[in-house]
Amino acid sequence: MKKRLYLELENCIGCRSCLAACTQCGGHEERNRNYVYDVNPLVNRQTMPLMCLHCVNPACARSCPAQAIQIHETGAVLSALVEKCIGCQNCTIACPYGIPKFDTEQNLMYKCDLCIDRSKDGIPPMCASVCPTNTLQWLTDEEIEAKQKQFNLDNGKWVTSMPYLEGETNVRVNLPGILQGVTKLF
Amino acid sequence: MQMDNFRNERDQYFKEIDNLNHPNETLVKTHCSYCAMQCGMNLRVKTKTNKIIGVEPRYDWPVTLGKMCPKGVTAYQQVNNKDRLLKPLIRDDQSLKGTTNGFREASWDEAYDLIVKKFTELQENYGKDSLSVYSGVSMTNEKCYLTGKFARVGLQTRYIDYNGRFCMASAAGGLNRSLGIDRGSTIPWTDIQDTDCIFLAGSNTAECHPTMMFRVWAIQERGGYVIVADPRETPVARRADLHLDLRPGTDLALANGIVNLLIQKGHIDEEFIKNHSNGFEDTKELVKQFTPEYTSAITGVAPEKIIRAAEIYGKAPNAIVMFARGIEQQIKGVDNVSGYTNMALVTGKIGRAKSGVATITGQGNGQGGREHGQKADALPGYRKIANPDHVKYISKVWGIEPEEMPKEGVSAFEMFGLMEQKTIRALYLLCSNPAVSAPDQNYVREQLKNLDFMVCVDFFLSESAEFADVVLPTTTWAEDEGTTTNVEGRIIKINQAQMPLGESKPDWQIQVELTERMGRGKYFSHLKTSEDIFNELRVASKGGTADYYGVTWEKIDKQDGVFWPCKDENDPGTPRLFLDKKFNHPDGRAKIFALPYRPSAEEPDEEYPLRLTTGRVVYHYLSGNQTRRIQFLRDMCPEPFVEVHPETAAKYNIDHEELVRLYTRRGETTYQVKITEAIRKDTVFVPYHWGHEKSINLLTIGALDPYSRMPEFKTCAAQIEKLKIKKVQ
């Protein structure tokens with residue numbers, strides 16, 4: 001059963017456990033590959049993760065002159081192949097979310113691969129495994145659909161996917177403000 | 001209940017997930033070394049070399065389901081850390097105390113010989129009680145239990161106490177007084193998501209106990225309510241339905257104000273009050289004074305918010321009141337605990353699933369460690385030294401005469417007073433770092449220097465070890481096995497993943513070997529393994545309030561932990577307390593306490609107009625001795641800071657990231673300013689995880705709660721001074 005990374009931004013507490021866990025994935029050379037931002041640090045403690053959304057038609061791969069960015073059969077947009085990457089950094093500019101990171105010493109781009117050694121076998125990526133708040137979850141499409149029904153926002157912009165952001169993404173994102181749609185018990 | 005196939009509840013979040021097994025690695029199931037959430041984890045161990053190399057989520061642990069905070073994810077990096085102490089250290093030159101200088105490596109034999117010689121000399125010259133033991137609860141029940149016996153039977157001193165005085169003592173005092181039993185939670189954590197209202201008082205839950213947050217948020221997703229009482233808009237307060245932004249140190253007024261409204265608005269459960277409690281009428285009379293306006297004047301919380309909080313809690317079919325150090329580290333910490341517990345008692349929202357009261361325990365074994373005799377007045381099984389029957393029972397288990405049992409000692413902070421008076425002349429310190437964690441550091445460090453002889457047992461050279469004459473290297477949690485009792489009161493198993501590094505030894509082994517050399521071996525030599533100690537603990541706790549007799553390591557494994565009390569082999573344990581509405585006071589009733597409000601030990605004045613409060617950040621644990629050595633955590637939060645509201649900052653003409661002098665009547669230090677609207681204008685906040693000149697405890701006050709003897713870390717009067725230096729580069 002195919003599962004996807006699903007983000008509920010409203011849950012984030014800024015613990016950056018996802019980043020710590022990212023360094024623990026076997027294939028990640030102990031470097032974290034995503035971001036957590038303080039949204040408005042002088043005002044409140046709101047934070048949000050910025051994860052690779054694994055675009056269906058990824059700008060990073062399209063921009064790569066060396067075809068170093070492969071797309072796995074699961075839809076995961078992989079990190080640059082060491083033997084192909086020429087270090088041009090096109091991808092870091094092309095990505096609308098600023099996801100790919102660059103290692104100047106190795107002259108190599110590296111990015112989130114959804115912990116492909118885990119997710120190819122249905123094991124959740126490290127970030128979604130450890131996330132203490134369920135900001136990051138690993139769900140089936142049915143579970144995501146149930147979420148969509150549960151949080152029925154009137155603006156229709158429930159997830160960041162076509163036509164709201166750059167293009168269709170494999171990762172589903174639930175925008176902040178979701179609790180607006182919840183009916184209180186009493 | 002059928003014991004054969006009993007297993008503690010798994011909730012709607014439980015999923016069967018395979019782990020990733022890397023080739024040539026073994027996964028060892030265990031729990032985190034840090035807080036009392038005791039998150040389940042698998043340690044990845046290189047099979048051939050027996051080295052811990054990483055972490056893998058433990059999806060099948062029903063409380064945390066693989067979730068971990070950044071401390072948990074990186075916890076394994078303590079084990080083979082370059083700072084580990086691998087051999088005993090001796091320092092001959094006492095003038096170097098308080099520094100890292102002058103230590104030389106020594107053999108265990110030499111270190112033991114020196115300790116035995118010094119301890120014996122001091123006891124011959126100044127009496128048995130010239131020695132003291134200062135312990136902690138970030139270690140297993142086996143170690144906590146043995147440390148109590150080590151002090152009283154091995155060293156024969158009355159002076160033993162532990163760092164729980166800075167952590168759980170007020171919760172223990174309040175829960176004992178109100179409910180007759182101190183098990184931190186009346187319900188399992190798997191109930192939280194299904195309640196209708198959670199009232200969190202003085203708990204920065206998101207940063208201090210992150211892995212319960214998915215349950216807290218789930219309450220809101222179902223349409224339930226989250227109410228937070230905290231001087232700061234913490235990450236959990238930010239999304240709460242209601243944030244009661246009270247002045248530090250005014251919790252009791254807020255609790256009384258809410259209880260008053262619960263009574264006035266008819267949210268009380270008369271049947272429960274009549275049949276299962278005492279003290280309602282007195283309390284009703286006392287809280288009358290705490291109208292929303294009067295409560296607001298003391299707490300600074302708007303009257304409408306107080307009214308709304310009482311309305312939500314009162315109307316909720318099920319509700320949980322939870323609190324933590326914010327309300328407990330005050331000179332009225334015990335009263336605050338009883339005050340908030342009153343909310344549950346007057347409404348009868350206790351003694352059933354999804355409703356109850358809990359303190360969110362700080363240290364990993366903060367629960368178990370306070371039950372088995374490390375406390376100055378306590379013996380295993382939550383027995384009391386003041387009770388002759390209790391002394392008689394434990395003496396028999398230990399093989400001593402009741403007359404040989406030392407009397408009650410004094411609390412942790414009061415031990416420093418006895419060091420000053422030279423009543424206490426030597427200290428055996430383990431599992432704690434009071435040179436960072438105790439209040440009024442200038443005073444405390446002077447007393448540590450004043451000791452004739454000090455032993456520190458640790459796996460890193462902590463700030464406190466800098467005052468020691470002998471430092472003994474112990475193991476980290478992953479190099480030994482044993483049990484801890486988590487935030488819920490669930491006894492769980494810590495497993496060994498790696499052999500002890502270097503020459504380090506587990507604390508229990510050090511204590512057994514030392515007592516043998518002090519001629520007390522006959523009481524200790526039979527304890528060859530950690531499980532031997534657990535089995536003695538079971539007998540010692542039998543018949544006590546915290547009864548572990550029916551718990552075995554095997555049962556823990558089979559049932560996903562065992563909730564105490566667990567009285568015999570056929571008892572699966574007690575996940576929920578008071579289901580029969582029988583409380584643990586002799587008459588079976590809970591006590592509703594009438595608690596007059598009193599101000600903090602040091603209220604702000606003209607000279608010191610700000611309230612200083614302290615706490616944690618998500619990246620560090622307690623004194624930071626462990627977490628400051630881990631790269632990821634250090635990168636995320638390298639330095640302490642002072643949080644100031646922008647309007648307050650404007651008054652002092654200070655900017656974001658500017659260095660300021662922060663001072664109180666006891667001390668001063670310099671911090672970088674972090675400007676945020678998420679704090680009260682009259683309050684400043686500093687995290688307490690750093691030592692030496694960066695320690696905020698140079699400024700905090702050593703005023704103690706009269707019952708729990710817990711210092712008032714959470715509020716004192718302070719002042720800020722603008723410095724000429726603009727920024728650190």
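Here are a few things to note about the model shown:
- Checked against the criteria, B:E569 does not count as open to solvent by 60 Å² or more (accessible area, probe 1.4 Å) and more than 20 Å from B:S541 (Cβ to Cβ).
- Odd one out for B:I198, checked against (1) within 9 Å of chain A (Cβ to nearest Cβ); (2) open to solvent by less than 10 Å² (accessible area, probe 1.4 Å): (1)
- Residues in segment B:660-678 that are within 16 Å of A:V43 (Cα to Cα) and assigned to a strand (DSSP E or B) were compared, and the one that is least open to solvent (accessible area, probe 1.4 Å) is B:V673.
- In the set (1) within 30 Å of B:H656 (Cβ to Cβ); (2) surrounded by fewer than 16 Cβ atoms within 10 Å (Cβ to Cβ); (3) basic (K, R), A:R33 fails one condition alone, (2).
- Taking each residue of segment A:23-41 that is facing chain B (nearest Cβ under 10 Å) and looking for partners that are among the acidic types (D, E) and open to solvent by 70 Å² or more (accessible area, probe 1.4 Å) with beta-carbon atoms closer than 7 Å, six or more apart or interchain, yields A:T23/A:E30.
- Residue in segment B:21-28 that is crowded, with 21+ Cβ neighbours inside 10 Å, within 14 Å of chain A (Cβ to nearest Cβ) and in contact with a Gly (Cβ under 8 Å, 6 or more places away or on another chain) present: no
- Within segment A:93-121, the residues that satisfy the criterion of being within 14 Å of another protein chain (Cβ to nearest Cβ) and open to solvent by 40 Å² or more (accessible area, probe 1.4 Å) are A:D117, A:K120, A:D121.
- Residue in segment B:652-659 that is within 22 Å of B:Y34 (Cβ to Cβ) and either open to solvent by less than 10 Å² (accessible area, probe 1.4 Å) or part of a strand (DSSP E or B) (or both) present: no
- Checking B:I298, B:I350, B:I306 one by one, the residue that is open to solvent by less than 10 Å² (accessible area, probe 1.4 Å), over 17 Å from B:L175 (Cβ atoms) and touching a residue at least 40 places away in the same chain (Cβ under 8 Å) is B:I306 and no other.
- Between B:K118, B:K51, B:K46, B:K82, the distinction of being open to solvent by 10 Å² or more (accessible area, probe 1.4 Å) and within 14 Å of chain A (Cβ to nearest Cβ) belongs to B:K46 only.
- B:F563 being open to solvent by 10 Å² or more (accessible area, probe 1.4 Å), among the aromatic types (F, W, Y) and out of contact with any His (no Cβ under 6 Å at 6 or more places or on another chain): no
- Segment B:524-555, subset open to solvent by less than 10 Å² (accessible area, probe 1.4 Å) and closer than 17 Å to B:R7 by Cα, residue nearest to the chain's Cα centre (by Cα): B:V551
- Look at (1) within 14 Å of another protein chain (Cβ to nearest Cβ); (2) within 15 Å of B:R325 (Cα to Cα); (3) in a loop (DSSP other than H, G, I, E, B) and you find that B:V228 fails only one, number (3).
- Taken together, B:L242, B:L246, B:L286 contain a single residue that is within 14 Å of chain A (Cβ to nearest Cβ), of a type outside the set (D, E, K, R) and either more than 26 Å from B:H209 (Cβ to Cβ) or out of contact with any Cys (no Cβ under 9 Å at 6 or more places or on another chain) (or both), which is B:L242.
- Number of the exception - B:V216 against (1) more than 8 Å from chain A (Cβ to nearest Cβ); (2) on the phi > 0 side of the Ramachandran plot: (2)
- Selection from segment B:598-638 of residues that are within 14 Å of another protein chain (Cβ to nearest Cβ), in contact (Cβ under 8 Å) with a residue 24 or more places away in the chain and in a helix (DSSP H, G or I): B:T627, B:Q631, B:F632, B:L633, B:M636
- Strands (runs of 3 or more DSSP E) fully within segment B:432-495 that include at least 1 residues being more than 18 Å from B:G369 (Cβ to Cβ): B:453-458, B:470-473.
- When segment B:86-100 is filtered for residues that are open to solvent by 20 Å² or more (accessible area, probe 1.4 Å) and among the aliphatic types (A, V, I, L, M), the ones remaining, listed by number, are B:L86, B:L89, B:L96.
- Here B:E503 qualifies as within 18 Å of B:L430 (Cβ to Cβ), in a loop (DSSP other than H, G, I, E, B) and at pLDDT 95 or above.
- Annotation note: Cβ proximity below 6 Å between a residue of segment B:529-547 that is in contact (Cβ under 8 Å) with a residue 24 or more places away in the chain and a residue that is among the basic types (K, R) and assigned to a loop (DSSP other than H, G, I, E, B) (sequence gap 6+ or interchain) occurs for B:D547/B:K567.
- Residue check, A:L81 away from chain B (no Cβ under 14 Å), surrounded by fewer than 22 Cβ atoms within 10 Å (Cβ to Cβ) and closer than 30 Å to B:H645 by Cα: no
- Helices (runs of 4 or more DSSP H) wholly inside segment B:238-355 containing at least 1 residues that are polar (S, T, N, Q): B:251-264, B:270-276, B:280-287, B:292-299, B:333-347
- Inspection of segment A:131-145 finds no residue satisfying the criterion of being at pLDDT below 95, aliphatic (A, V, I, L, M) and over 16 Å from the mean Cα position of the chain (by Cα).
- Residues within segment B:689-705 that are touching a Lys or Arg at 6+ places or on another chain (Cβ under 9 Å), not in a helix (DSSP H, G or I) and not β-branched (V, I, T), tallied: 7
- When B:E16 is tested against the conditions (1) open to solvent by 50 Å² or more (accessible area, probe 1.4 Å); (2) under 14 Å from A:V130 (Cα atoms), the lone failure is (2).
- The one condition in (1) over 30 Å from A:C18 (Cβ atoms); (2) open to solvent by less than 20 Å² (accessible area, probe 1.4 Å) that B:L286 fails to fulfil: (2)
- B:I268 fulfils the conditions (1) under 22 Å from B:G173 (Cα atoms); (2) open to solvent by 30 Å² or more (accessible area, probe 1.4 Å); (3) hydrophobic (A, V, I, L, M, F, W, C) except for a single criterion, (1).
The values are calculated or read from the model by the stated rules, or taken from the named source; none is laboratory data. Only a predicted model underlies this, so the values are computations on that prediction, with no experimental measurement involved. Ideal geometry is used to build each Cβ from the backbone, glycine not excepted, and the neighbour counts take in all protein chains shown. These area figures cover heavy atoms from the full protein model, side chains too; ligands, DNA and RNA do not enter into them. Shrake-Rupley method; radii C 1.70, N 1.55, O 1.52, S 1.80 Å.
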